[in-house]
Amino acid sequence: QVQLVESGGGLVQPGGSLRLSCAASGSILSINTMGWYRQAPGKQRELVADITSGGSTNSADSVKGRFTISRDNAKKTVYLQMNSLKTEDTAVYYCKTEGTARWCIPFAAWGQGTQVTVSS
């Protein structure tokens, strides 16, 4: 099985910064796309940013210029650097990874979620 473990969430004041990380483990042959999603109370889950194995990135308009996604292929880890945080960024952030597991089986895995709270 493939598991994702997230870390880095917490409480921060508006204008502050946080760095989220998500490490994949298990019988993984390759990882294609890794991304971050978030869900606030009463709202649908939305894509924040994702990154391909080649390093191409996409991000939501609401976070462009403030959030940066990156990955370390050797560590099977994806990061989300969040700067200039706003109260609207408060949500549970989930990591998602797509790739190929042992015996060439495609997989899509989700992390457990980490709470990010932006408040004064």
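Note on residue 11: accessible area is roughly 130 Å² with a 1.4 Å probe, heavy atoms of protein only. Using only side-chain charges placed at the Cβ, +1 for Lys and Arg and -1 for Asp and Glu, the dipole size of the chain relative to its Cα centre rounds to 120 debye. Backbone phi angles across the stretch 14-28, fed through the Karplus curve with coefficients 6.51, -1.76 and 1.60 (θ = phi - 60°), yield HN-Hα couplings of x, x, x, 9, 9, 10, 9, 9, 9, 10, 9, 9, x, 7, 9 Hz in residue order; Gly and Pro are listed as x.
Taking θ as phi - 60° and the Karplus parameters 6.51, -1.76 and 1.60, the scalar couplings of the stretch 40-48 work out to 9, x, x, 10, 6, 5, 10, 6, 9 Hz in sequence order, x denoting glycine and proline. For the pair residue 119 and residue 11, the difference between a 0.36 nm per residue extended length and the Cα-Cα distance amounts to 38.2 nm. Calculated over the stretch 18-103, the projected area of the Cα convex hull averaged across directions stands at 6.0 nm².
What is the ratio of the Cα radius of gyration of the stretch 51-93 to 2.2 N^0.38 Å, where N is its residue count, to two decimals?
1.26
Figure note: 97, 33 ranked by solvent-accessible area, largest first, 1.4 Å probe, ligands and nucleic acids not counted: 33, 97.
Using heavy atoms of the protein chains and a probe of 1.4 Å, the accessible area assigned to residue 45 is about 100 Å².
The values are calculated or read from the model by the stated rules, or taken from the named source; none is laboratory data. Worth saying up front: this structure is predicted, and the values here are computed from it rather than measured. No Cβ is skipped: glycine too gets one built from the backbone with ideal geometry, and neighbour counts run over all protein chains shown. Heavy atoms of the whole protein, side chains included, go into the accessibility calculation; ligands, DNA and RNA do not. Shrake-Rupley method; radii C 1.70, N 1.55, O 1.52, S 1.80 Å.
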